[in-house]
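Accompanying notes for the structure given below.
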Amino acid sequence: MKTKVLLVGGRTKTKSLAASLIQKGYQVTVINNFYEDCLMLAQIDKLRVISGDGTKPFVLEDASASEADIAIALTSKDEDNLVICELCKKKFHVKKTVALVSDSRKTNFFYKMGIDSVVCAITVVTGIIEQQAFMEKISSLVPIGEGRVNIAEIPISETAPVVGKKLWEINLPKQVIVGCILRGDTTMVPRGDTRILAGDMLILISSGKQELAAIKELTGR
């Protein structure tokens, strides 16, 4: 059975996200309050489009919100995104809710209100910049590609065998260490009791030819 995704609000980003999700095999419904946007979205093959205000329960009901596995609120107003996710979670019992916020200071409040995932574009961009700067700094300090030290970025998926494990519990080759963990917009220097989470990016530092064995141990692939 296909995973059902409900997208509420947004325009260009919603169009791109909907098209991508449909291409990957998801069943997608979009709610949009602007008729012109609905016409534009309706051009996407296999996309169900509902015209209306996603903060209204009867509109969510028309969109079969109770059947959705994931609801993503993408409007330009943070308060509307909170209301949408709250209704989807508490009235329609959607398993996972995702809210877009423009103000990173609201992130913790959204989580306290029960929203499963909160995405702030400013925080994401800042994290990307900081992570890139971090990698460039490491590259300037460590001789890479000269047969002495290698550095690799290893993304940890939800299905990776190391998710939930502490670093000391992972059987890495002796010539490989996890030098850093990039988690959201945070850069961490791990300890033995640091627990690996889905979504982490591990920075592996290795010598010799043990990198592939380490990647297989971390990702299962």
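The values are calculated or read from the model by the stated rules, or taken from the named source; none is laboratory data. Values in this document were obtained by computation on a predicted structure and should not be read as measured data. Because the Cβ atoms are built from the backbone with ideal geometry, glycine has one as well, and the counts that use them run over all protein chains shown.
I need a count of the residues in the stretch 1-36 that are of a type in the set (A, V, I, L, M, F, W, C) and surrounded by fewer than 21 Cβ atoms within 10 Å (Cβ to Cβ). I'd like the intermediate steps shown before the answer.
Pass one, the stretch 1-36, residues of a type in the set (A, V, I, L, M, F, W, C): 1, 5-8, 17-19, 21-22, 28, 30-31, 34.
Cutting the leftovers down to surrounded by fewer than 21 Cβ atoms within 10 Å (Cβ to Cβ) gives us 1, 17, 19, 21-22, 34.
Within the stretch 1-36, residues that are of a type in the set (A, V, I, L, M, F, W, C) and surrounded by fewer than 21 Cβ atoms within 10 Å (Cβ to Cβ) number 6.
Are any residues in the stretch 4-52 β-branched (Val, Ile, Thr), within 24 Å of Leu82 (Cβ to Cβ) and touching a strand residue (DSSP E or B) at 6+ places or on another chain (Cβ under 7 Å), and if so, which ones? Don't jump to the end; show me each part of the working.
Taking the stretch 4-52 first, the residues β-branched (Val, Ile, Thr) are 5, 8, 12, 14, 22, 28-31, 44, 49-50.
Then drop every residue that is not within 24 Å of Leu82 (Cβ to Cβ), which leaves 5, 8, 12, 14, 28-31, 49-50.
If the condition is that a residue be β-branched (Val, Ile, Thr), within 24 Å of Leu82 (Cβ to Cβ) and touching a strand residue (DSSP E or B) at 6+ places or on another chain (Cβ under 7 Å), then Val5, Val8, Thr14, Val28, Thr29, Val30, Ile31, Val49, Ile50 are the ones that fit.
Does Asp53 satisfy the criteria of being acidic (Asp, Glu), assigned by TED's automatic domain parsing to the domain that holds Val94 and within 22 Å of Lys95 (Cα to Cα)? Before you say what the answer is, go through the steps one by one.
On the way: acidic (Asp, Glu): yes; assigned by TED's automatic domain parsing to the domain that holds Val94: yes; within 22 Å of Lys95 (Cα to Cα): yes.
In short, yes.
Do we have Phe58 as in contact with a Ser or Thr (Cβ under 7 Å, 6 or more places away or on another chain) and at pLDDT 95 or above here?
Values: in contact with a Ser or Thr (Cβ under 7 Å, 6 or more places away or on another chain): no; at pLDDT 95 or above: yes.
When the stated conditions are applied, Phe58 does not pass them.
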Exercise for the section: For the stretch 176-187, indicate whether the set of residues that are hydroxyl-bearing (Ser, Thr, Tyr) and part of a loop (DSSP other than H, G, I, E, B) is non-empty. Expected result: no
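Given the structure, is Ile138 at pLDDT below 85 and either under 22 Å from Val119 (Cβ atoms) or not in a loop (DSSP other than H, G, I, E, B) (or both)? Walk me through how you get there before you give the answer.
Details: at pLDDT below 85: yes; either under 22 Å from Val119 (Cβ atoms) or not in a loop (DSSP other than H, G, I, E, B) (or both): yes.
So Ile138 passes the test.
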